[in-house]
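Computed from the coordinates by the stated procedures, all read-outs in this text should not be read as laboratory data. Just so we're clear, the structure is a prediction, and the values are computed from it rather than from any experiment. For neighbour counting, all protein chains shown are included, and Cβ atoms are generated from backbone atoms with ideal geometry for every residue, glycine included.
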Amino acid sequence: MTELVHTRADLAAARGGLTGTVGVVMTMGALHSGHETLLRAAREQADNVVVTIFVNPLQFGPDEDFDRYPRTLDEDLEICRRAGAAVVFAPAVPELYPQGQPRVWVNPGQLGEELEGQSRPGFFHGVLTVVLKLLQLTRPDQAFFGEKDYQQLTLVRRMVRDLEVPVEIVGVPTVREPDGLALSSRNRYLSPDGRAAALSLPEALQAGAAAAAGGADAGGVLAAAHAAFDSGSPSVELDYLVLTDPELEPGPVTGPARLLAAAWVGPTRLIDNVSVQLAPRF
Ligand code: PAF
């Protein structure tokens, strides 16, 4: 049975009644089969799964889609039940921010200003602030995050390490449509033409990964990825396409690496990434 709670008092009571380990999956709702995979991964590793559903205003810029972000609680609950979640915490905004915007936020540091942070100023301050609050409220042994939001996963790992938060962060591989498009709650904004055009993103990443597997160096991987992107739909506007080390640290890239991209498909911004293996440099 899945218990739905909306207040921190009811969450504390429900959390207190759980015996064994607890895994949390934090979401903004609009759940899809990528989330279901996260929930099932959590269910396999933890005795109990707590899901949070909260569209966090702190991580939306003034011109972003906070108001139109899909809110589908009934369908979300069905997915949580199917995946065996014990508790779903779906607070209203004032329940989490009773005094309005917090005075103290988590600072993601330099990495928070790059990639997603460059296009979305303040985004990771908002993400890390709510993630830390939700970790405090749910007190999990493990927290599961999708690799699709790779920079978010990296920053959450850094936060729990740097701030001594007692939780294990588990990354779960991206779930894709059969044609390669990464599942995202924002895919539902795409028109049929946009949906087809959006394939430029995974195709570029796959071309980069294939080039690496064929022995290309960092420059060759990026060139292959750009060439594939450029041969896709001209209606998709690239924001960034970068190859970095797996921790997103600056410096020369060699051995295991990550290829990350973001692009606009009309008004919809999509992100994606893949792991690539470069030949080690001697
Ligand atoms: O990845 C998301 O859905 C959000 O950024 C998260 C982690 C739930 C925080 O609001």
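Starting with the highest mean, order 193-201, 174-182 by the number of other Cβ atoms within 10 Å, averaged over the residues of each peptide.
Highest mean packing first, the order is 193-201, 174-182.
Report relative contact order for the chain in percent, whole number only (criteria: Cα-Cα under 8 Å, sequence separation at least 6).
Averaging sequence separation for qualifying contacts and normalising by length gives 16 percent for the chain.
Mind checking region 244-282 for trypsin sites (Lys or Arg not before Pro) that DSSP puts in a loop (not H, G, I, E or B) and that have at most 11 other Cβ atoms within 10 Å?
Those satisfying the criteria are Arg281.
When the helix-only estimate is applied to the chain (DSSP H runs of n ≥ 4, each -39,500 (n - 2.57), divided by the residue count), what is the mean residue ellipticity at 222 nm, nearest 500 deg cm²/dmol? Let's see the in-between values first.
Details: 10 runs with 102 residues, N = 282.
Result for the chain: -10500 deg cm²/dmol, rounded to the nearest 500.
Based on the mean of other beta carbon atoms within 10 Å per residue, what is the order of 156-162, 233-239, most packed first?
Put in order of decreasing packing, that is 156-162, 233-239.
When only Cα pairs under 8 Å and 6 or more residues apart are kept, what is the percent relative contact order across region 153-282?
23 percent
Of all the C-alpha pairs in region 40-107, what % are more than 18 Å from each other?
Cα-Cα pairs in region 40-107 separated by more than 18 Å: 52 percent.
Packing-wise, with mean Cβ within 10 Å as the measure, how do 204-211, 111-118, 72-79 rank, highest first?
204-211, 111-118, 72-79
Report the gain in length on full extension from Arg161 to Glu113: 0.36 nm times residue separation, minus Cα-Cα distance, nm rounded to one decimal. Don't skip to the answer; put the middle values down first.
Values: separation 48, 0.36 × 48 = 17.28 nm, distance 1.93 nm.
Taking Arg161 through Glu113 to full extension adds about 15.4 nm, to one decimal.
Pull out a ≥ b ≥ c, the square roots of the eigenvalues of the alpha-carbon gyration tensor of region 106-185, then state rounded if a/c is under 1.5, prolate if not and a/b is larger than b/c, and oblate in the remaining case. Kindly include the intermediate steps, with their values, before the conclusion.
Values: a/c = 2.18, a/b = 1.24, b/c = 1.76.
Oblate shape, in that a/c is at least 1.5 and b/c is the bigger or equal ratio.
Taking only the alpha carbons of region 1-67, what extent do you get along each of the three principal axes, in Å, biggest first?
Cα spread of region 1-67 along its principal axes, largest to smallest: 43, 29, 17 Å.
What residues of region 41-68 lie in the reach of a label at Arg188, counting those whose backbone N is under 18 Å from a point 7 Å from the Cα along Cα→Cβ?
Residues 52-57, 65-68 qualify, since their backbone N sits under 18 Å from the label point.
Compute the relative contact order of region 218-261 as a whole-number percentage, counting only Cα pairs closer than 8 Å that sit 6 or more residues apart in sequence.
Normalised by residue count, the contact order of region 218-261 is 35 percent.
Can you pull the one-decimal nm distance between simple spin-label points at Glu44 and Asp239, each 7 Å off the Cα toward Cβ?
Simple spin-label model gives 3.1 nm for this pair.
In nm, give the distance between the simple-model label positions of Asp217 and Ser33, each being 7 Å from the Cα along the Cα-to-Cβ direction.
With each label point 7 Å from Cα toward Cβ, the separation is 4.1 nm.
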